[in-house]
Structures are given as structure tokens and as C-alpha cells.
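*Asks:* Here's a structure for you.
The values are calculated or read from the model by the stated rules, or taken from the named source; none is laboratory data. All figures in this text were calculated on a predicted structure; none of them were measured in a lab. No Cβ is skipped: glycine too gets one built from the backbone with ideal geometry, and neighbour counts run over all protein chains shown.
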Amino acid sequence: MKLTDEYIYRQSQKHQMILLHLISVFKREIPDLTMHFKWGMPYVYYKKRMFCYLISNSNKDFVDAGFARGFQLKRNQDCLIGEKRNTVKSLRYYSLEDIDNAVLEDVIREAASLYN
């Protein structure tokens, strides 16, 4: 089993469902993405560069999809969380029902356009 799979299946069932859904949307939007495991979490790579990390925070009960070039994104600012980070902005989900696929897909497409 790959480290990314092990990471996902060690999470609560709720977070597993969120992570698996996010991965499926990423792969549907950009089929040539690759998954890696770095710094203890799954990373999505695009064009051999870090694109987005997926992390489950069990203490605060959310899953973050952190986009490496998040501060360059222009659209969906009301949904993106910057906190005290310099380059990353994330989409944060507390439940599977929180995921707005239209927003997620738009953020993925806009983020991918930054890698041309």
C-alpha cells in the first residue's frame, strides 16, 4: 500500500470520505496529476511541481486542501483561507456536505493555470 493510501485510511471515516472525494475531483479536473507523500501528508503534484497538499486535522476536525500558489489566486477569495501563511491558501472542509464542487473545480482550474 502506498503511503498516501495509508495516510488516508488512518483517518476517521468522515475525513477519509472527504479526502477520497477531493482526490477524485482533482483527478477528474486534471488527469495527469500525481500523488506523492511529503512531510507526513499527501501532496498533489502538477507538472512535476507541488500543487496542493491534503491534510486531515483531527484535533480541529477538518480537512484542508492547501494550494501551493494560493495567494496568486484571484477568484473564490471568500472561500479560501490564508491564515498566517505566506504562499498557501486552502479550502477547508468540516464535512463532505461542505464541499461545493463548483468552487473546488474552479479553484483547481485557476491554480493549474498558474503552472503554464
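*Asks:* Residue under question is PHE71, and the condition is that it be among the aromatic types (Phe, Trp, Tyr), closer than 23 Å to LYS47 by Cα and in contact with a Cys (Cβ under 9 Å, 6 or more places away or on another chain); does it hold?
*Replies:* Taking the combined requirement at face value, the residue does not satisfy it.
*Asks:* If you go through region 28-37 one residue at a time, do you hit one that is assigned to a helix (DSSP H, G or I), surrounded by 14 or more Cβ atoms within 10 Å (Cβ to Cβ) and either in contact (Cβ under 8 Å) with a residue 24 or more places away in the chain or among the basic types (Lys, Arg) (or both)?
*Replies:* yes
*Asks:* Right, here's the next one. Identify the residue in region 78-116 that is loosely packed, with under 12 Cβ neighbours inside 10 Å and closer than 21 Å to THR34 by Cα and, among all such residues, is modelled with the lowest pLDDT.
*Replies:* Looking at the filtered set, the residue picked out is ASN116.
*Asks:* I would also like to ask the following. Please specify each residue of region 1-59 satisfying the condition of being at pLDDT below 90, over 25 Å from ARG109 (Cβ atoms) and of a type in the set (S, T, N, Q).
*Replies:* Passing the criteria: SER58, ASN59.
*Asks:* Can I ask one more? So if I check each of ARG69, ARG75, which one is buried (at least 16 other Cβ atoms within 10 Å of the Cβ), out of contact with any strand residue (DSSP E or B) (no Cβ under 7 Å at 6 or more places or on another chain) and without any contact (Cβ under 8 Å) to a residue 60 or more places away in the chain?
*Replies:* Within the list ARG69, ARG75, the selection yields ARG69.
*Asks:* Same structure, new question: State the number of residues belonging to region 39-50 that are more than 17 Å from HIS21 (Cβ to Cβ), surrounded by 12 or more Cβ atoms within 10 Å (Cβ to Cβ) and not aliphatic (A, V, I, L, M).
*Replies:* 4
*Asks:* Where residues in region 83-98 are under 14 Å from ILE55 (Cβ atoms) and assigned to a loop (DSSP other than H, G, I, E, B), which of them is nearest to the chain's Cα centre (by Cα)?
*Replies:* In this case the residue turns out to be VAL88.
*Asks:* Spot the failing condition for SER24; the list is (1) without any contact (Cβ under 8 Å) to a residue 40 or more places away in the chain; (2) surrounded by 14 or more Cβ atoms within 10 Å (Cβ to Cβ); (3) in a helix (DSSP H, G or I); (4) within 12 Å of the chain's Cα centre (by Cα), and only one is missed.
*Replies:* The one condition SER24 does not meet is (2).
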